[in-house]
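Working notes for the structure below.
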Amino acid sequence: MAEEEFWQLISLINKSALENQDGKSAVAPVEQALAGKSVAEIQSFHALLSRALYDIDGEIYADNAGESGESDDAFLYARCYVIAQGKEHYNSVKADPNQMPTKSIDQWCESLLYVAPNAWGKITDSNPDEWDYFPDISFETGSNTNLWT
């Protein structure tokens, strides 16, 4: 999957549901679209998501994320929210960490992490908890050691 297709899929996120803190409904259109793809394309989507999360995993971003920057999980979910806002917003935050969302749980999108496993589960008739694909780049907070002191 090309990066542009990744961002086209991200653009399907329901922004109204996202703003109402309904992450599952917000990402449902992406999950549905991914469920029409191959396993390899779903894995590629997840790899691109991991790369995007990794690229804004750094101390300066966490410092600008308010309460969300104080916990590994919260900071991960805040980074998911940045991506869920779309390519333009993501690139703005990436270029200027001061634009990280500073609210706490109101600006999270944990559900984005489960889009690929859920889509995979649908097309393979498997339990999404059995998803065992791990991209080369980790999205976990602190993985991008170049951006942490």
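Key figures
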{"item": "Filter result for the condition that a residue is more than 10 Å from THR141 (Cβ to Cβ), of a type in the set (Gly, Ala, Ser) and touching a helix residue (DSSP H, G or I) at 6+ places or on another chain (Cβ under 9 Å), over ALA40, ALA17, ALA74, ALA62", "result": "ALA17"}
{"item": "Failed item in (1) within 26 Å of LEU147 (Cβ to Cβ); (2) of a type in the set (Asp, Glu); (3) in contact (Cβ under 8 Å) with a residue 12 or more places away in the chain; (4) surrounded by fewer than 21 Cβ atoms within 10 Å (Cβ to Cβ), with ASP57 passing the rest", "result": "(4)"}
{"item": "GLU4, sole failed condition from (1) out of contact with any helix residue (DSSP H, G or I) (no Cβ under 6 Å at 6 or more places or on another chain); (2) buried (at least 20 other Cβ atoms within 10 Å of the Cβ)", "result": "(2)"}
{"item": "Selection status of PHE134, within 19 Å of SER44 (Cα to Cα), aromatic (Phe, Trp, Tyr), in contact with a helix residue (DSSP H, G or I) (Cβ under 6 Å, 6 or more places away or on another chain) and assigned to a loop (DSSP other than H, G, I, E, B)", "result": "no"}
{"item": "Residue satisfying all of: in segment 1-15; of a type in the set (A, V, I, L, M, F, W, C) and without any contact (Cβ under 8 Å) to a residue 60 or more places away in the chain; farthest from HIS89 (Cα to Cα) among these", "result": "MET1"}
{"item": "First in segment 16-38 and among the basic types (Lys, Arg), second anywhere and at pLDDT 95 or above, Cβ under 6 Å, 6 or more apart", "result": "LYS24/SER111"}
{"item": "Total residues in segment 110-149, condition modelled with pLDDT under 95 and either closer than 23 Å to LEU18 by Cβ or surrounded by 12 or more Cβ atoms within 10 Å (Cβ to Cβ) (or both)", "result": "0"}
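The values are calculated or read from the model by the stated rules, or taken from the named source; none is laboratory data. Worth saying up front: this structure is predicted, and the values here are computed from it rather than measured. Here Cβ is always computed from backbone atoms with ideal geometry, including for glycine, and neighbour counts include all displayed protein chains.
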